[in-house]
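Since the structure comes first, as structure tokens, the remarks are kept for the end.
The values are calculated or read from the model by the stated rules, or taken from the named source; none is laboratory data. Note that the coordinates shown come from a computational prediction; the quantities given were computed from them, not determined experimentally. Cβ atoms come from the backbone with ideal geometry, glycine included; neighbour counts cover every protein chain shown.
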Amino acid sequence: MISLSEISYHFCVDPGCGFGQVDWRMFVAMNTDQAWEEAYRVAILETDDSVLQKRIDGAHRAIKARLDELALDHQGTPEEQQAIQDAQFGLSVLQKERVKV
């Protein structure tokens, strides 16, 4: 299972990664239901194509961590399950349209 610190590290702990003044330490304090949503937002709002793949990968990892957590518990609410499916679809569209191979 992926820890929150691993997810946080993937987002960006390097001040030169292009995220401006955002304090990325906040991800360490988030639980996984908040972390996947924030990782998704970071990916879809990324404007720098040179780091977009990293953001998409980070969002996928955060979603997987949340799904792993839900599998151990109650599977979550139908609303969260739908939101996760929508996010996965959005990431696949973003990948196809903006990431150069």
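Just a few scattered comments:
- Filter pass, Asp49 being modelled with pLDDT under 95 and in contact with a Lys or Arg (Cβ under 8 Å, 6 or more places away or on another chain): yes
- Per the conditions (1) without any contact (Cβ under 8 Å) to a residue 24 or more places away in the chain; (2) of a type in the set (S, T, N, Q); (3) not in a loop (DSSP other than H, G, I, E, B), the sole criterion not satisfied by Thr47 is (3).
- Residue in segment 25-41 that is modelled with pLDDT under 50 and part of a loop (DSSP other than H, G, I, E, B) present: yes
- Inter-residue pairs, beta-carbon under 6 Å, first without any contact (Cβ under 8 Å) to a residue 12 or more places away in the chain and in segment 59-81, second assigned to a loop (DSSP other than H, G, I, E, B), 6+ apart: Leu70/Gly76
- Criterion (under 12 Å from the mean Cα position of the chain (by Cα) and acidic (Asp, Glu)) met by exactly one of Glu80, Glu38, Glu69: Glu38
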